[in-house]
1. Out of the residues in region 77-114 that are part of a helix (DSSP H, G or I) and among the aromatic types (Phe, Trp, Tyr), state the one that is most open to solvent (accessible area, probe 1.4 Å).
2. Hey, can you tell me all the residues within region 4-25 that are open to solvent by 80 Å² or more (accessible area, probe 1.4 Å) and over 30 Å from Pro43 (Cβ atoms)?
3. What about Met117, is it of a type in the set (A, V, I, L, M, F, W, C) and open to solvent by less than 50 Å² (accessible area, probe 1.4 Å)?
4. Which condition breaks for Ser28 when tested against (1) more than 23 Å from the chain's Cα centre (by Cα); (2) open to solvent by less than 100 Å² (accessible area, probe 1.4 Å); (3) modelled with pLDDT of 85 or more?
5. In this structure, is Ala35 free of Cβ contacts under 8 Å to residues at least 12 places away in the same chain and of a type in the set (Gly, Ala, Ser)?
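The values are calculated or read from the model by the stated rules, or taken from the named source; none is laboratory data. The structure presented is a predicted model; accordingly, all values stated were derived computationally and were not measured. So basically every Cβ, Gly included, is an ideal-geometry build from the backbone, and we count neighbours across all protein chains shown. Each accessible area value is taken on the protein alone, full model and side chains, heavy atoms only, with ligands, DNA and RNA left out. Shrake-Rupley method; radii C 1.70, N 1.55, O 1.52, S 1.80 Å.
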Amino acid sequence: MLASLLPIISVVATFGSLTFFVYMHYTSRHREHMALIEQGKDPYLYKGRARKMENRNVLKYGILFTTFGLGLVAGWALETGGFPSEVAYFSMIFMFGGFGMIIFYAIQGRKSRTEEMLAEEL
């Protein structure tokens, strides 16, 4: 009897928890906005900063997934060269993914230094 209810309980629990987290996200955001309004501050003041972070995330994930693709190609090349497929693919995906994150770090460091120099000039 309990074994037949297990899938139903798991589906209900999954969707219930997702609904709960979405509800909590929006209610906490509403509370934050109301608190900022009560203090006389603009609740949308930080939206520009959030948009900047979204752009950084797009760049980060774009570089990461591109280097994952290059890692798959390199893994395929190693596999055709005689390496075992698991070793070839996993090692190249992780190695190229790491290179991608290093590239993103270098790009972000250069951008932040440029932004700091521009802020000092003003």
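1. Ranking the qualifying residues of region 77-114, first place goes to Tyr105.
2. The answer is Leu6, Ile8, Ile9, Val12, Phe15.
3. No.
4. Single failed check for Ser28: (1).
5. yes
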